[in-house]
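Worksheet: the structure to be examined is printed underneath.
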Amino acid sequence: MDVWTHDRWRFPLPGGHRFPFDKYALLRERLVADGVARPEEVHEAEPAPWEWLAAVHDAGLLERIRHGRLGAREQRGLGLPWSEALVERGRRSVGGTVAAARMALERGLGMNLGGGTHHAGRAFARGYCLFNDVAVALWRLRGEGRVRRSLVVDCDVHQGDGTADLLGPDPDCFTLSLHGARNYPFQRIASDLDVDIASGTGDDRYLSALAEALDHTLPRARADLAFYLAGADPWEGDRLGRLKLTKAGLRARDELVLDRLLDEGIAVCVVLAGGYAEDVRDTVDINAATAVEVARRTGAL
Ligand SMILES: [Zn+2]
């Protein structure tokens, strides 16, 4: 199946930083090796033009990001040191989600091997998230008249505060976030539905909470297009998450979300969001399993 990546665009990071650079290239290699995507189906994402970013983000914030003038507090909140390469990669991450969402509308499913930068809000960039790829993609496709109603299913272990800031008040977009109750961010911005999951929750209770949340959400969303943030960080071995899902449980999560959305006739754009396992190969396993479930439903596998 077709996928988008921006793994060649790296940026300088201090040693020991938790940002999982290697997962992106390893995941691409894994998908090609396993026949999930042929080499020619792996597309390098184009950088999103600044005008697209300006459609959803505050002009002052974008100026500071573009010219490396983030304040000390903003810089700390972002958690990644500014560089031109960081900005270029961030724009390409957005470009990948726009392309994958377009593919979703054409064929029912699309996947970006990145994106899901859900802590970026209208006037803030934090938690490793520079721009909100989902909000930009949605703005773009709405502008083309291709989407009326939309839905965000955010299953990253961290609450989607930036997405809630941008899309929570939007009457034509339903935002659902399932996250660790005691995980970052500690000051929340309300989604249309937030589901706090207790620390230590395992597969069964998580999956029943997810099914219940989807039961509540789908009739209200009546969406044409959904963005699914398939975060790998609810995994039991994750360094930042506080939940205890197994790899099999995460795979069941992906199947549940994909099947419920597709059964409703909703096009689905899948993005990666977070994943901070000690050994990056565990995160890659989880992301690769998500891609396999997507590929199976496109008929590519
Ligand atoms: Zn996360």
Where residues in the stretch 66-80 are in contact with a Phe, Trp or Tyr (Cβ under 8 Å, 6 or more places away or on another chain) and of a type outside the set (D, E, K, R), which of them is most open to solvent (accessible area, probe 1.4 Å)?
Gln75
Keeping to the stretch 50-92, report how many residues are in a loop (DSSP other than H, G, I, E, B) and touching a residue at least 12 places away in the same chain (Cβ under 8 Å).
9
Being more than 16 Å from the ligand (Cβ to nearest atom) and either in contact (Cβ under 8 Å) with a residue 40 or more places away in the chain or of a type in the set (S, T, N, Q) (or both) narrows it down to one of Leu262, Leu229, so name that one.
Leu262
Say whether the condition of being touching a Gly at 6+ places or on another chain (Cβ under 6 Å), farther than 21 Å from Pro47 by Cβ and either open to solvent by less than 20 Å² (accessible area, probe 1.4 Å) or of a type in the set (Phe, Trp, Tyr) (or both) is met by at least one residue in the stretch 159-175.
yes
Would you mind stating whether Leu141 is in contact with a Ser or Thr (Cβ under 8 Å, 6 or more places away or on another chain) and away from the ligand (no atom under 14 Å from the Cβ)?
no
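The values are calculated or read from the model by the stated rules, or taken from the named source; none is laboratory data. This is a predicted model, so every value here is computed, not measured. Cβ coordinates were reconstructed from backbone atoms using ideal geometry, including for glycine residues, and neighbour counts include every protein chain displayed. When the accessible area is computed, the model is the full protein with side chains, heavy atoms only, and any ligands, DNA or RNA have been set aside. Shrake-Rupley method; radii C 1.70, N 1.55, O 1.52, S 1.80 Å.
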